Every structure is written in C-alpha cells, then in structure tokens.
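Read the figures in this text as sums done on the coordinates, not as results from a lab. If you're wondering where the values come from, they're calculated on a predicted model, not measured in any experiment. Positions of Cβ are backbone-derived with ideal geometry, glycine not excepted, and every protein chain shown enters the neighbour counts.
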Amino acid sequence: MFPPIPNPPVTATPAKFGDADLVRRSASSVPAPAQKLTPVAKLIDVSKCIGCKACQAACLEWNELHEEIGTFNGTYTNPPDLTPASFTLMRFTEWVNPETDNLEWLIRKDGCMHCADPGCLKACPAPGAIVQYSNGIVDFAHDKCIGCGYCVKGCPFNIPRISQVDHKAYKCTLCSDRVAVGQGPACQKACPTQAIVFGTKDEMKQWADGRIKDLKSRGYKNAGLYDPPGVGGTHVMYVLQHADKPSIYAGLPDNPRISPIVEAWKGVTKYVGLGVMGFAAIAGAFHYLVTGANKVTAEDEENAEKLTQGGRS
Amino acid sequence: MTNSWTDIKNADLVVIMGGNAAEAHPCGFKWVTEAKATRGAKLVVVDPRFTRSAAVADYYAPIRQGTDIAFLNGVMNYLIQNDKIQWDYVKAFTNASFVVKEGFTYQDGLFTGYDEQKRDYNRSTWDYEMGPDGYAVVDETLQNPRCVWNLLKQHVSVYTPELVERITGTPKDKFLKVASMMAECSAPNKTMTSMYALGWTQHSKGSQNIRCMAMIQLMLGNIGVRGGGMNALRGHSNIQGLTDLGLMSNLIPGYLTLPTEREADFNAYMSTRGFKPLRPNQMSYWQNYKKFFVSFQKTMWGPAATAENNFAYDWLPKLDVPAYDVLRAFELMDQGKMNIYFCQGFNPLQAFPNKAKLARALGKLKLLVVMDPLETETARFWENHGIYNEANPASIQTEVIQLPTTCFAEDEGSLVNSGRWLQWHWPGGSPPGEAKTDVFIMSQIHLRLKEMYRKDGGAVPEPIVNLTWNYKDPNEPTAEELAKEMNGSVLTDVLDPNDPTKKVLEAGKQLASFGLLRDDGSTAAGCWIYTGCFTEAGNMMARRDNSDPGDTGAYSKWSFSWPANRRIIYNRASCNLDGQPWDDTRKLIWWDGAKWTGFDVPDIAPTAKPRDVGPFIMNPEGVSRLFTRGMMRDGPFPVHYEPFESPVANLIAPKVRGNPVARVFKDDFAQFADTGSKEFPYAATSYRLTEHFHYWTKTNHVNSVLQPEFFVEISPELAKEKGIANAGWVRVWSKRGSVIAKAYVTKRIRPLMVDGKATHIVGIPIHWGFVGAAKKGFPANVLTPFVGDANIETPEYKAFLVNIEPTTGPVA
Amino acid sequence: MSAAPYDVEGGDQVHKGHPVQVDRYTVAARINHWITAISLILLAISGLALFHPSLYFLTALFGGGQLTRAIHPWIGVVLFFSFAGLFFRFWKANLWKSEDGTWLRRIRDVIAGNEEKLPELGKYNAGQKFVFWGMSFLILVLIGSGLVIWNVYFSSFTSIEQQRIALLVHALAAVAIICVWIIHVYAAIWVKGTISAMTRGQVTGGWAWRHHRKWLRELVAGKRTGTPAE
Amino acid sequence: MNMELSRRQFLGTAGAGVAGTTLGALGFGGVEEAYASTIKPFRLVNTTEARNTCTYCSVACGIIIYSKGSLAKGEKADITHIEGDTDHPTNRGTLCPKGAALISYVKSEQRLKYPMIRRAGSDKFERVSWNEALDKIAKAMKADRDQNLVQKNKDGVTVNRWTTTGFLAASATTNETAMCTYKVVRSTGMVVFDNQARV
C-alpha cells in the first residue's frame, strides 16, 4: 500500500507554495522562481480502478460543486461529459480484447492532465487567467478569466468547460488548496483501491514501475505508463493495461500535442500580423513625406467650371 | 465474517461469488487489491453479470442465478476426484470420520423423512451413530461406508463438470479453470478467502449456498487461518450488531433463542440447550448457556428475576411458529391480523418483495409509526404518485405517525462492522429541527406504558413495570450507560469458595469477560458475546491504537472485537494437530508447549492441549461439520434446487419445485410463474449499484447525479431479438407487477446455454422510488416473488422470471 | 456623349458656381458609412486586445476582458449588416472597367500623383474598387469564422478542431482587413478634398475633374446640373 | 487516540521504498506568506473534528466530521465537511461514492425535522407535538396489547405472546439504541420483531 497522507490540518497552515512559484502565466511573463518545487503528480492506475466514482463524489463535495441530476443515456458514465461543475468523470468502455476474445471493462478517470506544456495556458489571451506552478500544477484564476474559450481550443485533451452562468472556464485544480497544505487531491484521498495515488512525480514513476511489473506478470504484455512527451509529460499519469493503444480508453489521445494550428495562431501569426499592420501604417506615412499631398489645382477648378458652363475644352 | 476486512490482504486466492465486493464494499475491496499487489494473489469472480468486481478480476466465469449449489457441489466433486484435499485438516478438524445413523438416505433430491403436506422433514435419522460410551462413533480410517466423508463423496458424485454446465450455463472449461484454481489452495501454505453477500442469501436456499462454500473451505483447510475464512459482507453499518443483539423474532441477545410453546417451563427450555459434548474432552461451549441466559434475564428484570420465578422465564413470549419474520408479518397484516406496526429506520414498502401486496397490507393497519431521519416511501404509502404509486388516500384508514430521528452524524455509540469490530463514534453536528434520538423515543414509549400499567393495570403488566430502567436520566439514557449494560456487571459479591474472605467478583464492577458470567443471578449481561467491550478499564470500543504487531492485519488494540476481542474465529484451526501454524509465513497463534499464544486471542482454552481439544469449541463435536445433522431444515448436505421461478426444471430432481421445505403462503404461490413459462421467459435478478445505498441515497443529491435514472440491463442478443435500443424505454413485467425503465444494452450480460437452450438474463438495479432528490422510478420489488429461504426466510430477490418489451416513456 | 451613364449613383449632382460643387454621397450613404467605420474601428480595437497580450490593456476601453469578449461579436453583427447596406449601394459603381486596367498599369504614376498621365475615371478608381471588394470578402470570412468561435452560443455546433481553424482564419482575416482599412484611410488623407465627400457629401468640381473626370462629364452631360448653391 | 503512532505505523508497514518521502517533498517550496491568487484558502481551518463511522455498509469506514461550532463545548455544531479518517485501519482515509457524499445525506432536503401525523383518510401530513405523538402511540399500544396479548395457548401453557403489533428495527442505529429498543419491545411480549438482517 502506498503510504497514506496524514489527516488534514484544522489549524491555520501557511501555504507551501504560491505566486513566487509561478513558472508560467498566461498572456504575460513571470520572473523565474528563486527555487523550483519538486514536481508532484497524480498516478491513476486504470488496472486497479473499479469505477466506483468515489473520486467524482469527493471532487463535487470538496469543491462544493453543484452538478445537475441528469438522465440515463446508455452508459454508466454520468454525467455524460465533463461540465463546469464536474472536473472529473469516470469514462466506461466495454472492450473485447481481440487476442483473448475476453470482455474488458476499461474505466478511465478523465480530467485535467496538468501538462508540463499546457495548451490552455498557451492559448489564453487574458494575462494571469491561467498559471503554472513549478510543482507542475496548472490552475485557473477565475477573477481574470474572460470566458473566451480559447483554453478549450488549446487543450489537447478537451478538458476545460465554460460556464454558461458566469462565463468562466473550469477544470480540475489538482486541489491546489489541499496540496498547498501538504494534502493530496480529494479524489486521491477518497479512492478506495488506491487506483489514484499522489506524490512527487519521481515517486509516482517508481510506483508505476512496480504496478507495471505486476500487470506484465498477469499477462498484460503491453502494460505501461502514460506520460505523453508531446506535451512535455503530464502531472496526471495513467498506468494502462494496454499502453500500446491509449485510444481504446474512451479516446485517450495516442500522441497528444498542442494543435499545430494553435501553435501557428499563437506563434507566428501573432507577430507577423502586428508587423504587417505596422508596416502598412508606416508605408503610408513615408509615402506622404516623399510625394506630399495630392492637391486639387486652380486649373482643375476652372476646367470644372468651364465644363459646367457648357464651354467645350 | 470469520475474519476481518484487513485480513483479506493475507489471501492467495480471493473468490467473489454470491456477491460483488468491489461494487457493494469498495473500501473493503481495497484489501483484495492489496493482496493482489503485494502477494500476487488472484481474484476469481463467478456471477451472472460481468460486474465491477469482474472488471478487476484475473478470471471471470458466468453462472445462471440460483444455481450456485450445483456449481459448488461440482467443485467438491472435483476436489475429491482429484484428491485436492488438505487431509490433515479434514481428518482432525471436521466430522468426516463420524458415522451416520442407519436409515439416513438421499434420493431424487430429497432426504429421509419428507412430508409433502407439511413441506417439512422428520429429521430424526439425520444424526450420528451413538456408541455405548455415549459418544458419537467415528472411523478415523474413513473406511466405513456410512461415515460422513463417504456419504458426501457419493452425494456430490453426480455433479460432474458436464452436469454443472447443463444446469448453471457456465462453460465447462471455465468451470474447470475455477475449480482448479480453488484446488491449489488445498496446500497448507495456500489460502483462499470467500467473499459473499446477498447474491447467496437472497435465494429460497440461501443458507445452503453458503454451507456449500463453507464445506469447500473446510476441505481446503481454510477456516480459522489468516487470509481464509467465510466472509459474509454484511450490508448495513450495524446489521451485524442488531443481529448480535437479537432484534429478531426468535432471538435473545448473543444468539440465545426465545422459548417455544413446547418448552412449557424453564427446565424444558434448558434441557434442549445444554449441548453435552459428543466426543471426549470437547469444550462444547454452549454448556454455559444458562449463565448467558440468566445474566440476560437479570439485565431485563434485575431483582424481579429470581431463582424462585425461574428468572422471569414466563415473562418472555413463547413462539408457536419458528419465527414471525418480515414475510409472515406482512402476510398477517394482509390478512388483517395486525393493528400497529413500527418502522425504525426502515423502508419496507421498497425493501420487501411484491410491492402491491405490501401496500395493500399497510392499508389494513390501524396505526403505522415511522421513525427515520429521512422521508421514506413507506411513510407515504397512502400518497398518490401516478404510475409510481397508485393510491387513493381517502380510502386508506391507516393513521401514520412520522417521527424525525437523528442520524449517525448526530449521535454517539458503537456499530459492529462485518468483521465483528465494535467501533465507538462521536457526534459531529446538531440535529435538524426537532429531531430526537431513537433512544429518546423508545424510552418515552416505555415510560408511558410503564406509567399506564402501574396506574391502570392491564394484561400481564409485570414484564413492563419491572423492566430495569436505572438511568441517570430515564427520559434519555446515555450511550455509555447502555453500553455498560450490554457488557454486564456484577450484581452481588461472589466469594472465593476456598477463602470466603476473598471476593472473586465485587458487586457494582463491570465484567471483564463472559468467562465470569454466572447462572445464579449474581451477574448481569445484556449481550454475553459483547462482555469485555466496556470494562473497569473503560470503553474498549473507543480504543484507537492502530498498531499491528507482526503485520498480521489483526489490529488487536483498535476498538473491540467480539467474542473476547478475537479477530479471527476458529483460529485454533490455523495450527496443525500439534499446535504449530500450517504456514510459518502466516502465523496467528501457536502452542508454546505450555499454552496457546500469538497475535490473536486464541479461540480455545489457553491451556487446552492441542491433541486433546478440537478447534471448533462451540460444537459439541469439537470439530466442524461437513454433515450438519438436523440443524438445517432442508438437509444435512446441500442439494441443487431451482428457484421457485425458473426457466428450466430441476435436472437432478425434475419433480421438485423450488426448495421443497421453503414456506410459501397460499396466495403467493398463485403469483409464481410456471417453470419454463412462455409468458415469462427471462431469468431476472436484482442488485444494487455502487453509486447507491439501497433506497437511502435517493434523498441525496450527489449520488443521484452519479447514477440518476432507473434502467435495466440486457444483452445485445436479447436487445436484437426484442428490437430494444440502448437507452430506449422498455416495460418489464412479472406475474406480480410491471415497471417502465430505460434499457442498458451491455456486453457485460450474455445469454447462457442452459441444458442446450439459450437463457437470457435481465438485470434490475434497485434504488428508485417516488420520494427523494433522484428521478422518480420503480423499485425492483414491484416484480420480486414473496418467498424466503427455508431456514431464515430471506426473500428470493436474486432469481425470478420476467418478460420485457420496448415501449414509450412513462406518463406520470 | 450618347452612351448611357453607367456609374452615376442616385443623388450625384453638379451645382454650377465658383467653385463648382458636386454631390457625391447622400445623407443616408454617409450615415451608413460612418456606422460601418465606427464598428470596424471598435472591432479592430477589441479584437487586437484579445489578439496580442501587449494590447490586452485595450480591453479597459470596453470595461474589461469579460465585456470585451461579450461585446466584440455583437459589434461584428452590426458591422455585417451595416456593410451589407453599403454593398448594395455601391456594388454597381465598383464593377470592373477597361480603364481600371490602364490605371493599374500606371500605378507608379498613381503613387507619384501624376494624375495627368492617368485615364479619365468614373466614380471610383481601381484602388477604391479593391478596397470595396476586399472589405466585402474579408467581412464575409470574419463573420463566418467569428460565428464558429462565438463560444457562448455556437460552441456546440462545431468540433474543437474546426474552431481552431476558425480562430486562425479569423486572426489572419482581421490582420488583412486592418491593412485594407489603413490603405483606405490613408488614401482619403493623401488625396486632399476627399474627406468632405463623406462629411458634407460634396466635393469640388476641381476634385471631380482631377480624379473622376469621366464621372463629372457624365453628370454634366446627363444634365444633372442645378443652380448655384447659394 | 494515538495518531502520531498510527502514522508511523502506516509508513513503517507500507514497505514501499518511497514510503514517507512524499509529505516532505510537497512542502519543498517553503512557506509562502500569502496564498497565490488561484489557491483557495484551506476549507478546514478552524473547524472542529469528530471521529465517526460511515453509516452505510458494514466495512464501517472511519470518517472525520468537520463542523463550525463544537458540541463538546456545548455549542451548536454545523457540519461543513466529512472526509475519510486516515488513521482507520480498514479504510485508511478512503471512502466510496456514498461515503464521500455523506454530507449530502446529513444536509438532505428530505431530512425529517418535525413529528408529523397523517390522519385516517387524509391526503397530507400535519405537524404534531412530540408529546401528542408519543401519547397517541403509547395509548394505542396499551389498548391493543390489553386486548390481544395471548397469555395462555390452548394447552394452557403460559405464552404471553403479542402478535397484533409489530416492530421493524433499524439497520444503522447504534448497539446502544438496539439494546434500549430490545428491552422496550421484548418486555411487552412482542414477537413480530425483526430487522434488516433478514433482507
């Protein structure tokens, strides 16, 4: 068993990280932090998950979210998709393994992956609305969010959701408020089978190795860790029984990366665009200086008068 | 549970059959994943549905609901045929060698002495041959053709893998795989644990389902050892406690039983409960029955219970029937033979079978009293909710009083978990509105009755006016006062017979163990098995030291475990005949040459020599029973009986319908679908989803979000056959009622080939009703049959027949 | 001079006098133009604010980021319909003519301001026509891509990938239209006597003679002349 | 309670090479004076803890109830959060989807707050005082018992059996409540007495 984190404090406890630990800030820059925090990570072991949704309940309760009571829609996945009030979701897939012909019920806890290279942050136009701490947590500052939905386009995992009520973007915070006092996220605390564990990223990788060995010994020859390099690795990782095909787990991207379109839009376009517009303005000014104003002459006026008097010319 | 949740981490093989631990007990299931992760244990799931437990299992085998005995008898046959038996254990610790009386036979699904009219057996021949020495005759060599082992061998020989497949629908290869995995655990250093729940109890032969696996566990030597045992995963937070405390028709706290009419006087009563040992030197612990009983009577009536009046024996009611169980209660209600009914934190309109009958019955009461923290359907059975509860209030004369009670978060006291731990808890919040504790309500009722009977007299006032009620505040006794009463105390000094100046026991002191109880009225104990929970040393149930020497999973200093803080019962059996552990890597207790010692409290007299005294001290044999004598109404060996509603006739005994001795009321029988009915061709089963807790979480927003709407589960094959679309509306109906639900077409349910014919399964989750936060929906008991298990009357919720068709949405 | 007047617009008229005055734009046309112009400017500002962090401060003009995000698309809708008005007023006069080719071939003289080297032109020269058609095209692109990324109402109608493309297209089109706008504004400033066309609605005869002689001749020939404006 | 010990125990017995290093690492950044703009202040600061047991299944997970106001101090206590108790040997702080949502049971809109009565033939519940309700119940019981208690069976054996009134006991009340209930019910001779165990 992974050592449980002691019960939370009830007396004032100083935050263990804060603004001084920012490494990225949307649409703005931050000074490099004095010292880097040890990167943390949440490890989700899909092979241990029983799909009980304790993580969903704990998330709703801890974050005081009010999700609507929906309807049955032909699966155990409820609500059917992430919402501004559901930061996490169990996604159920009934998959028949072509090699063994056995049914495998793949249950993946979906939610923010806390990318090392966060597409949401890159896309965000509002300074400081999305921040990244040196421990890897990517968090939203709702007082700064303008609700444009650019983060949704920036995210390779389709995670952020825009509230139709307050028009702000919402997603898993990795329970930054809990981590700040030395706790793990609410979902990890609740998880009955320790399918979710939380610690430093190195510990999580080490712990995952043990799990993968166990899975291989049980015949899952492609068991492995999901820590996609395309986004610089993530601070939420999966242990998958079939790491060779992540997409069977309710469409987990095989090779996630920030969309090249978003890269182009937020990269070259931004600068070239300004350049072109600037050039146009300057060219105009320059032309005026060289050729001077294009004035109507007295002769022109006379010609016009002659014409209107009917005089031929 | 014979073991504890935390002990499951010691298992090498976990078999989940007749239950769904991952779904119903996720945090207990943690210890299965722990055994897998740290011991490389394997998990096997046998279930009609591919459940959440199956989702993380190493091996899954499907089975038709209600055929577990055929499967497990088949396993026993496999173990015997392949000699996968832990022989030292079976020979020394079971009654395999006991010789059974002449005249006992088994034929065509029935044992000797069946009376078809009474639907009962004359069980006189179901017993041991008694020798001249007054002890049962045994044959250590197991040569005697009439010894238990040979009778068993013959009894299970018909359950070949081929027959098992024909009855259960489990493909032969899958059955053999499961059997062989179990067989590996016959090695002394390999243990298997059985985790089961309502999937086994909710059948007309539920008790025998469980016996089957218990017998397998004995053959494999897995009872009493770490990582083994028979682990009943109790449903509710204190259902173990309420059973221990005898809140049942025929019980007295501590599994003593109420007298019956046949026991006209105290001596007659005691004579049937003395339990002399059946073999030399055996402890036969029930010999102390009188001490427990008298101490209980003293708790009830104190000074008014005297030797002269047989300790108020006559103040206890005497039963004329085995029990007034819930099914009988509602049958009587429906016959208009009941006037007042109390529901204390219980919602029978949803929880018992055949909702239509229940509603009708409640309507015939004069007064219904509901004590509950939450709104229940029962309290509003008279309210019209369209298709969800059609009722005409004007025509229902029942008066209903609804009393708001506190919930766990607002009260103090102890709960007994499935592993028999009594854990104390403290209140964390103030009750809402005028809500009061159940203790307040019960006290108020009693004090009012007492007062009226004292003033005006009435029918037999004595038991009421003399009931001991010495609490600081009689209006609402504290949890501590009541806990001390359960534990028991010394009423009068007990002097040392050798030295009368010495007090063995001092009046007023809390008792430290039930070993100190006496049958002369000098001690009182509300529930003898709890004695030791609140001693002079304080409240043992509130202990919170979670250290675990030896990393055994026992946690002996955490709370208190009955009996005597023992964590694994029958733990003497974890050692061989010489008192040494079968497996050195899994030590629990051992014989150090002079006494028993170890990590757990030995389940045997500390100085009882290993070879002299058997490990099963509650049994007069001193050993466990592969043959239960006359103790179960439906046979000393388990037999496969079909459910009362079955798609096929019983292949081993075509003439037998259901369990031949299960009690069925006349009108209910008329409401059963025929065997192999064309009208109701599909085998249905009901169950709970992990997001829900029975009908409670209907009132709870978050859980209603996680699984919002009533649905039924069917296979893609059946959906195709019936033209049912996933998430489309269907009507499901049985001979008792009809429900409308969404359909969940899932690969997790597959038709099974039963005796060459495809049998479709319809899964019906429970939870929904007409009050609460969740969407209105139908409860499964609209459909389920009104019949119970032959021994303990648990309703047959797990196997019945329905039909299904696509339909349009409900118009409510 | 018998050729039918082909790019004279309703309201165009010559007033004899000293100097000659020519009505070029009606009141309605001018109002329509300025609504469009203001919308375009507001759109440019609010759009730029969300386009580049260095310009985010501009959101202050609209009462902050949330309001900027909310208002921008609505202004876009206003622009779309307002420009549609202009389009139906001006499209005929902006059809391509042979002399437009000549004009373009002599673009060096255009830039150098050697009007005498240029052919006689109708109401609009090729440059103005380029601005007109450019605006028309880009506004269509912007409104189309804009709807796709109008998160509040339309996010559910398209895939995220489509929205990504729309974002890029919207940004590129916006850059383009701003450049076109710069050319438009500069030309008006450079060519003296032009701005009065959109303020008072009139230009002098000399201006018309110098820049749109063909148009002036037609007005005169078409007897669209009135008494001096006194 | 010995939580320090328990913690060491868990870390000690965890056996994992990584045991225990987690906590330190999380705090590596040292103490921040002010919270970052994105980080909410920790919800449980200045709440009162009560050790309790989950009311649902019999795994009996340890829980901690956090409240504003302390019952121990005789104040009103308003529950603000419920979380698993890491010190508990069985659940180690984890909870299932029901346990994790316990507070929505405690705060449910369907919690009963006042005694209510539904009179014969009526289509609604009406408020009633505790005294009126309890008197009504006790009187009805006595009347029924006096009339229907079977004192002797046909063979003249004393049986003192009351079958016209029944009691269905709870499944989640404490042992102490059960003891009290048993005494009160059995002393009347009631035999139609059962509980959830049967189902």
If the convex hull of the alpha-carbon atoms of segment B:507-605 is projected onto planes in all directions, what is the mean projected area in square nanometres? 7.6 nm²
Selection of chymotrypsin sites (Phe, Trp or Tyr not before Pro), segment C:1-90, meeting DSSP coil and at most 14 other Cβ within 10 Å: C:Y6
Taking chain A as a Gaussian network, where each spring joins two C-alpha atoms under 10 Å apart, which residue of A:P98, A:P127, A:P160 fluctuates the most? A:P98
Averaged over every viewing direction, what's the projected area of the C-alpha convex hull for the protein assembly as shown? Give it in nm², one decimal, please. 69.6 nm²
For segment A:70-150, listing GluC sites (Glu not before Pro) in a DSSP loop whose Cβ sees at most 16 other Cβ atoms within 10 Å gives A:E99
Eigenvalues of the Cα gyration tensor times 5, then square-rooted: what semi-axes does that give for segment B:98-147, in whole angstrom, largest first? 26, 13, 6
Relative contact order, percent, chain B [alpha-carbon distance under 8 Å, six or more residues apart]: 16 percent
Along the Cα-to-C-beta direction of B:A307, a point sits 7 Å from the Cα; which residues of segment B:489-530 have their amide N less than 13 Å from that point? B:519-523
Going by how many other Cβ atoms sit within 10 Å of their own, how do A:K171, B:K298, B:K30, A:K122 line up, fewest first? A:K122, A:K171, B:K298, B:K30
Give, in whole angstrom and from largest to smallest, the semi-axes √(5λ) of the equivalent ellipsoid of segment C:79-229, with λ running over the eigenvalues of the Cα gyration tensor. 38, 18, 13
Once you place label points 7 Å from the Cα toward the Cβ at D:D155 and A:T75, how far apart are they in nm? 6.7 nm
Two-site label geometry, B:R39 and B:I387: point separation in nm, points 7 Å out along Cα→Cβ: 5.0 nm
Would you list the P(r) distribution for segment C:63-162, with all Cα-Cα distances sorted into 10 Å bins from 0 and each bin expressed as a whole %? 13, 31, 23, 18, 13, 2
Counting Lys and Arg as +1 and Asp and Glu as -1 over every other residue whose Cβ sits under 11 Å from the Cβ of A:M90, the net charge comes to +3
Cα centroid of segment B:615-631 to Cα centroid of segment B:278-345, whole Å: 24 Å
For chain B, take the alpha-carbon Rg, divide it by the Kirkwood Rh, and send me Rg/Rh. 0.95
Hey, got the average number of other protein chain Cβ atoms within 10 angstrom for residues in A:143-155? 6
Peptide-level mean, for B:457-465, of C-beta atoms on other protein chains within 10 Å: 5
Across the residues of C:206-214, average count of Cβ atoms on other protein chains within 10 Å? 5
Protection proxy (average C-beta count within 10 Å per residue), highest first, orders B:469-475, A:190-196, B:483-489, C:115-121 as A:190-196, B:483-489, C:115-121, B:469-475
The extension gain from B:K177 to B:Q287, computed as 0.36 nm times the residue separation minus the Cα-Cα distance, is 35.2 nm
Once a ≥ b ≥ c are taken as the square roots of the eigenvalues of the Cα gyration tensor of segment B:656-812, is the result rounded (a/c under 1.5), prolate (a/b larger than b/c) or oblate (a/b not larger than b/c)? oblate
So what is the relative contact order of chain A, in percent, for Cα pairs below 8 Å that sit 6 or more residues apart? 22 percent
Over chain A, one equal point on each Cα, no solvent: what is log10 I(q)/I(0) by the Debye formula at q = 0.08, 0.10 Å⁻¹? -0.45, -0.62
Only Cα pairs under 8 Å and at least 6 apart count here; give the relative contact order of segment C:23-221 as a rounded whole percent. 26 percent
Over all alpha-carbon pairs of segment A:35-173, lay out the pair-distance distribution in 10 Å bins, whole %, shortest bin first. 11, 36, 34, 15, 4, 0
Quick one: plug the Kirkwood hydrodynamic radius of segment B:223-321 (C-alpha pairs) into Stokes-Einstein at 37 °C, 0.692 mPa s, and report D in µm²/s. 210 µm²/s
Trypsin sites (Lys or Arg not before Pro) lying in DSSP loop within segment B:728-812, provided at most 10 other Cβ fall within 10 Å: none
Apply 1/(1 + (r/R0)^6) to the Cβ-Cβ distance of A:K221 and A:Q164, taking R0 = 51 Å, and write down the FRET efficiency to the nearest 0.05. 0.65
